[in-house]
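Structure first, then comments.
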2 protein chains.
Amino acid sequence: MAYFDAASAAPLHPVARQALLASLDEGWADPARLYREGRRARLLLDAAREAAAEAVGCRADELVFTPSGTRAVHSGVAGALAGRRRVGSHLIVSAVEHSSVLHAAEAHEAGGGTVTRVPVDRTGAVDPAAYARTLRGDTALACLQSANHEVGTEQPVAEVAGACREAGVPLLVDAAQSLAWGKVPGDWSLLAASAHKWGGPSGVGLLVVRKGVRFAPQGPGDERESGRAPGFENLPAIVAAAASLRAVRAEAEAEAVRLRELAERIRARVPALVPDVEVVGDPVRRLPGVVTFSCLYVDGETLLHELDRAGFSVSSGSSCTSSTLTPSHVLKAMGVLSEGNVRVSLPPGTPAEDVERFLEVLPGTVAAVREKLGAPAAAEAAPRTGGDLVVDAIGRRCPVPVIELAKVIGDVPVGGTVRVLSDDEAARLDIPAWCEMRGQEYVGEEEAEKGTAYLVRRIS
Amino acid sequence: MAYFDAASAAPLHPVARQALLASLDEGWADPARLYREGRRARLLLDAAREAAAEAVGCRADELVFTPSGTRAVHSGVAGALAGRRRVGSHLIVSAVEHSSVLHAAEAHEAGGGTVTRVPVDRTGAVDPAAYARTLRGDTALACLQSANHEVGTEQPVAEVAGACREAGVPLLVDAAQSLAWGKVPGDWSLLAASAHKWGGPSGVGLLVVRKGVRFAPQGPGDERESGRAPGFENLPAIVAAAASLRAVRAEAEAEAVRLRELAERIRARVPALVPDVEVVGDPVRRLPGVVTFSCLYVDGETLLHELDRAGFSVSSGSSCTSSTLTPSHVLKAMGVLSEGNVRVSLPPGTPAEDVERFLEVLPGTVAAVREKLGAPAAAEAAPRTGGDLVVDAIGRRCPVPVIELAKVIGDVPVGGTVRVLSDDEAARLDIPAWCEMRGQEYVGEEEAEKGTAYLVRRIS
């Protein structure tokens, strides 16, 4: 069994487990109480805050513990926006933020605020200059992740933080994916993170608000956690979170080198082993251990299922593995192929053998899924016939529309077109991505009687 | 060492500890994922939900896990109010709710809503008929705790739920203090509870919303927990919470009888052992294991400190143990003495010897605190002098104003008055309470040049 989904949740670090056990006995009482059990709990809480603040690179009184990274983001965004209400209600986010940031942005819009979503390039990164140009006089808050959770691309946080500082706008950094590996660079104002992403327990997030940042906590509050995170402190988990952050940091430098090598091996080998694959994300500025690729003509759900049967737990941004019917907003914003998408995120300690075994298993698994779906063979030479063609893929889900397109493209002459009718949202992303991979021309889409027509011109 | 503050947080139940340990290994993955670690986590989550729902007496799909009881209350109140926005924005709460409910009510008021706070009698209970009379055509939600957290008094939940049902208004029950002991009776609509109150871990609350109750979750959400509790599920703690609720319930009937006997012993013995004590709360309709009393002429902070030194961890609603400078809103609403307030809440399993030892230690501890403060001896016969008197206690904190009053009341003739000048908020509650305990007449208060003047007439 190999668990390759550390970007969702990392298995509990041994230090986290140990600290959790110890503090179950020492840290269950209310840290607000004056008797000895309460004082002991308070000491544990204070020590955990000091340790976490040191790892983040902030003052202890700037950091509060929240019930999750998501709650840290929600509270951070809401509090920072409210704190600068007089300035305006403009919020900036990148298009590839974690859903917690995007949900907070939607809630802000629903409440009458305005939101700018900064696009990303094909690697998934924002352009700092383009980001800076969205800063306005009425911008209350800007948000940027330290690194992307689906494709591993690092964002230019320090540059964006500099631009924000110059404009007098606070920058909130969602550091969920990167905090295990090091401090977030640059002059940011707020930071959110999540313990279960670094091998800490679930139930703990961090929210840091730098001194001097205007912040007005929203919703009912209480006296706990500086009024920024109401409810009884989840103390044993907080202690475990802080202890494990310190522990993973001690191992981070060496482990990052090792995981980078393993991930690089996957990045390099997968396109050689599996035909019709697009490896996505920045090749250099990226998280250690995260590799994402998409396989043409593959149903992501079936692929994940088959990989699971073969003993590999991975994740996917394909629409056919989610309940939403739309492909991951990250892949969409990058404009890359979403079908057959696989994210491998290696937890610290992953043995090299597991990665080798994955590379052995993957080609056969993808081939089997493709065969079942009747996908065209990679080098298939189809007989050429004359005229334009229409492929009716209405009612068929990803990856069928692309498979049907690939099957017939050889049937039209160079210069001829294929019109693919589809009502699957993934087609909007995957047909242009297929054209780019195949060197065909994507002409555009238009409304059809049923669904949408995607027009492709054969040019090779 | 005896920990007598179970109403704040109960020590972890052995079953909770065991379940937590087991699910640290089995339940750290994302239950939304399709691979085996995810499916295993999903099974644990589903089983925990079933177990908790059975203990509450609701359907599993009516119950979600929140990060704390406080968050359950905040989300429940906000969601229920928003769900019935068209009906109106009137909210009813009792005056003695937990601060989480009162904070939610304040937030509602700040947002333009109206709130009625239903008063309680001297035992701390609401009158169901009086509660029912506050129901209006524009009432969106009513809240009532199942039992009070400071004095242990059970509320007439079933009667109030009946009245609410008749009026078509949903009732939210804060069951934090009672869920360990049994299901909440009556036809309520929403329920909130907190695991660390029943011996479960911190970091877990319950929010139940009955089918058919209009509910619109507020703030940014996600797909987890039916959209009612965003953020990664705190799974090991959730499993431990459900397992321990089942375990404490299995022991509840026998343990309730035992704790009731111990608590009754304290209720009966304290007034006999310690002079000038008021035992508060309903003598019969009450939680097992909770006893609250107030000691005249005692500084609550010093008393708690001395009891802690003697090995007893108890809580207090006195202003002199809190940072707020006002006495507990519960004691205030009840109109009972707040000075020298002590809440004893026995955790399940408390040995009878610990209670005996507490009863041995208490009289000497109270006497020592009183002596240090120069309190009048219980049977002190002061020489009678003529005329009215003024006691200037400006700048002196609780319990000094009452001590000074008691010292001079014998100096005025029957029919004469003592005018106590005080700027301590606790005096407003404690001087009338002293008059009631001492059989003197409390005439009233009036504004003075500095602080407030409290007028007391000697009638015995």
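The values are calculated or read from the model by the stated rules, or taken from the named source; none is laboratory data. On a predicted model such as this, the values are computed, not experimentally measured, just so you know. Glycine also receives a Cβ, built like all others from the backbone with ideal geometry; neighbour counts cover every protein chain displayed.
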Could you name every one of the strands (runs of 3 or more DSSP E) located completely within the range B:130-227 that has at least 1 residues being among the acidic types (Asp, Glu) and assigned by TED's automatic domain parsing to the domain that holds B:Val64? B:171-174
Within the range A:88-146, of all residues that are more than 18 Å from A:Gly76 (Cβ to Cβ) and in contact with a His (Cβ under 6 Å, 6 or more places away or on another chain), the one surrounded by the fewest Cβ atoms within 10 Å (Cβ to Cβ) is A:Asp138
Taking the criterion of being in the same structural domain as A:Ala393 (by TED's automatic domain parsing) and more than 26 Å from the chain's Cα centre (by Cα), would at least one residue in the range A:424-435 satisfy it? no
Of the conditions (1) buried (at least 21 other Cβ atoms within 10 Å of the Cβ); (2) out of contact with any helix residue (DSSP H, G or I) (no Cβ under 9 Å at 6 or more places or on another chain), A:Ala176 clears all except one; give me its number. (2)
Given the structure, is A:Gly88 of a type outside the set (Asp, Glu), within 13 Å of another protein chain (Cβ to nearest Cβ) and farther than 20 Å from A:Ala192 by Cα? no
Check A:Leu20, A:Leu44, A:Leu34 and return the single one that is touching a Leu at 6+ places or on another chain (Cβ under 9 Å), at the interface with chain B (Cβ under 8 Å from one of its Cβ atoms) and in contact (Cβ under 8 Å) with a residue 12 or more places away in the chain. A:Leu20
Some residue of the range A:7-15 being under 16 Å from A:Arg249 (Cβ atoms) and surrounded by fewer than 22 Cβ atoms within 10 Å (Cβ to Cβ): yes
Within the bounds of the range B:101-117, is there any residue that is away from chain A (no Cβ under 14 Å), at pLDDT 95 or above, in contact with a helix residue (DSSP H, G or I) (Cβ under 8 Å, 6 or more places away or on another chain) and under 23 Å from B:Gly281 (Cβ atoms)? yes
Exactly one condition in (1) over 26 Å from the mean Cα position of the chain (by Cα); (2) buried (at least 24 other Cβ atoms within 10 Å of the Cβ) is not met by B:Phe4; state its number. (1)
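Could you tell me whether the range B:154-165 includes any residue that is over 30 Å from B:Ala243 (Cβ atoms) and touching a Cys at 6+ places or on another chain (Cβ under 7 Å)?
The answer is no, given that none of the residues of the range B:154-165 is over 30 Å from B:Ala243 (Cβ atoms) and touching a Cys at 6+ places or on another chain (Cβ under 7 Å).
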Hits in the range A:234-281 - residues which are over 30 Å from B:Leu20 (Cβ atoms) and among the basic types (Lys, Arg): A:Arg258, A:Arg260, A:Arg265, A:Arg267, A:Arg269
How many of the residues in the range B:228-269 are in the same structural domain as B:Leu362 (by TED's automatic domain parsing) and in contact with a strand residue (DSSP E or B) (Cβ under 7 Å, 6 or more places away or on another chain)? 3
Residues in the range B:201-236 that are surrounded by 20 or more Cβ atoms within 10 Å (Cβ to Cβ), small (Gly, Ala, Ser) and more than 7 Å from chain A (Cβ to nearest Cβ) total 2
Counting only residues in the range B:343-386 that are under 14 Å from B:Val408 (Cα atoms) and either among the aliphatic types (A, V, I, L, M) or not in a loop (DSSP other than H, G, I, E, B) (or both), the one modelled with the highest pLDDT is identified as B:Ala375
Could you please find all residues in the range B:294-322 being more than 15 Å from B:Arg370 (Cβ to Cβ), free of Cβ contacts under 8 Å to residues at least 60 places away in the same chain and not in a loop (DSSP other than H, G, I, E, B)? B:Asp308, B:Arg309, B:Thr321
The correct count of residues that are more than 14 Å from chain B (Cβ to nearest Cβ) and within 22 Å of A:Val126 (Cβ to Cβ) in the range A:329-362 is 9
Take the residues in the range A:237-253 that are touching a Pro at 6+ places or on another chain (Cβ under 9 Å) and farther than 26 Å from B:Gly200 by Cβ; name whichever of them is farthest from the other protein chains (Cβ to nearest Cβ). A:Ala252
A:Val120 is checked against (1) part of a helix (DSSP H, G or I); (2) hydrophobic (A, V, I, L, M, F, W, C); (3) away from chain B (no Cβ under 12 Å) and fails just one. What number does that condition carry? (1)
Checked A:Val418, A:Val408, A:Val414 against criteria (surrounded by fewer than 23 Cβ atoms within 10 Å (Cβ to Cβ) and either in contact with a Lys or Arg (Cβ under 8 Å, 6 or more places away or on another chain) or assigned to a loop (DSSP other than H, G, I, E, B) (or both)); the one match is A:Val414
Run down B:Ala237, B:Ala256, B:Ala263, B:Ala193 and say which single residue is under 21 Å from B:Val355 (Cα atoms) and in contact with a Gly (Cβ under 7 Å, 6 or more places away or on another chain). B:Ala263
Kindly list the number of the only condition in (1) more than 19 Å from B:Gly38 (Cα to Cα); (2) at pLDDT 95 or above; (3) surrounded by fewer than 19 Cβ atoms within 10 Å (Cβ to Cβ) that fails for A:Val270. (3)
Index of the failed condition, A:Val77 passing every other in (1) among the β-branched types (Val, Ile, Thr); (2) away from every other protein chain (no Cβ under 12 Å); (3) closer than 30 Å to A:Ala32 by Cα: (2)
